[in-house]
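To start, the structure itself, in structure tokens.
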Amino acid sequence: MNTRHCAIAILLLGFAVPGFAAETAKDWPQWRGPDRDGKSSATGLISNWEDQQPKLLWMGEGLGAGYASVSIVGEDLYTTGNFDDGQAVVAFDLNSKKVAWKKILTDKVPRHGYEGSRCTPTVDGDDLYVVMSEGTVARLNRKSGDVVWKRNLQEEYGASLPTWGFAESPLIDGDRLICGAGSSKALLVCLDKKTGKEIWVTPRGEAELGDQGKDEAGYSSTLVCNAAGRKQYVKLIGRGLIGVDANTGELLWSYNAVANGTANIPDPIIDGDYIFASTGYQTGAGLVHIQNKGGKIVAEEVYFLDSKTFQNHHGGMVKVGDYIYAGTKHNAGFPICVEMKTGKVQWGGDFRPEGKGSAAILFADGNIIYRYQSGILALVEANPKEYVLKGTLTPEYQERESWAHPVIVDGKLYLREQDKLMCYDLRR
């Protein structure tokens, strides 16, 4: 497989409702937003980019090299990036449009395919949590950047370094931090968020995870759900989709059909007792029904879509109403809409998109924003009946693969492009 085509694994990233909420309705405190679902609650946005183009308000710099998205609380923006002396967490002041502080967390620049950061920091009160691309997990004071504690997934849990680095954005659920190691010692790791002390790990044990895929953390982030009446953490790892008991770390179920041997990247979509997952590399997508059968939690496949029908390489998926919107095809973002409960393609998958390469997507105010690898953004109506393109936007600056997920806060669109940050006005 061509390395360039595989690369996006970095993409950082990606699942259900976390254990905390944004400090205000305008905040975006973690990966893919307040509910980790790629959906913004913003309204009053420009409804058609052909009639009115979003205006560039300003462009800043100093974020370092990488593909990580951003989190925003108040006037503070956070991300991660590579610098000459290592990989760092960066705080950016939206008032001054300058870097407030940066804290290097690795002793050198992490070496892996498509070097650069992946993790979107998770903001929780006065704290900030990250997973660096070489496996360092850390808690920092978000105002000063001081490190409270840090651990390493490779050194302590026997995790293998994924080809394109660790790409997880840690989940904070109550007093806990959850992330994936993907090793036989620890598929998932649960730490006390304040002290960094281990609460539990999920060992592989004798579990049969299936033959597809490989033993690694994968590139998605962890989600929390209550499928089948059992609180659990769900993650797409190297061997596919898993569900882990939130209290004990026990592996409850696994689903191997969506795993591939190169990179499992997109965050799954959780809807009650149903979970939809997809990967690229000519794999496909599947829906599983999580059920309690005599006290045992099981995942039963409802349907499987082959790669010709649907495969999300990376860039993610969003569910609006009963429908899933995403890009499909390997290393491509052909727009598609699928009914989640049936797997029926409503439209798309067979016509070329406005941009090239995979597309990171975001829902806001009735529309889906596709940000293509080539830099172009497309505004598409979230309409399950037909594909309605409502204009495109060519950003002011594009350096290389535009894999960082777009973010909308307070009517403004934030686009991270390596060291640069662009802010566009989406307000009508």
Per the helix-only model, the chain has a calculated mean residue ellipticity at 222 nm (DSSP H runs of ≥4, -39500 (n - 2.57) each, divided over all residues, rounded to the nearest 500) of -500 deg cm²/dmol
Check: C-alpha center the stretch 401-428 vs C-alpha center the stretch 264-291, spacing in Å is 27 Å
Rounded to whole Å, give me the distance from the Cα center of the stretch 310-351 to that of the stretch 135-176.
31 Å
State in Å² the accessible area per residue of the stretch 95-233; use a 1.4 Å probe, count heavy atoms of protein chains only, and round to the nearest integer.
38 Å²
Output ³J(HN,Hα) for the stretch 84-94: one whole-Hz value per residue in order, computed from phi by the Karplus curve 6.51 cos²θ - 1.76 cosθ + 1.60 with θ = phi - 60°, and x for Gly and Pro.
4, 9, x, 9, 10, 8, 10, 10, 10, 7, 6
Before I look further, what does the stretch 281-342 give for accessible area per residue, probe 1.4 Å, in whole square angstrom?
35 Å²
Taking placed amide H atoms and a strict 5 Å upper bound, the residues 5 or more places from G165 or on another chain that come that close are G113
Percent relative contact order of the stretch 285-411, based on C-alpha pairs within less than 8 angstrom and at least six residues apart?
16 percent
Hey, which lysines would be in cross-link range of K103, C-alpha to C-alpha under 24 Å, not counting anything within fewer than 8 residues on its own chain?
K143, K150, K193, K194, K197, K420
When the accessible area of the chain is split by element with a 1.4 Å probe, what percent falls to carbon and sulfur?
44 percent
Can you spot the lysines whose alpha carbon is less than 28 Å from K308's alpha carbon? Ignore those fewer than 8 places along the same chain.
K39, K214, K235, K319, K329, K341, K344, K356, K385, K390
Taking a probe of 1.4 angstrom, what is the accessible area of D410 in Å², to the nearest 10?
70 Å²
Length released on extending from E198 to S47, taking residue separation times 0.36 nm less the Cα-Cα span
49.6 nm
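The values are calculated or read from the model by the stated rules, or taken from the named source; none is laboratory data. The shown structure was predicted, so the numbers you read here are calculated from the model rather than taken from an experiment. Heads up: the accessible areas ignore ligands, DNA and RNA and are worked out on the full protein's heavy atoms, side chains in. Shrake-Rupley method; radii C 1.70, N 1.55, O 1.52, S 1.80 Å.
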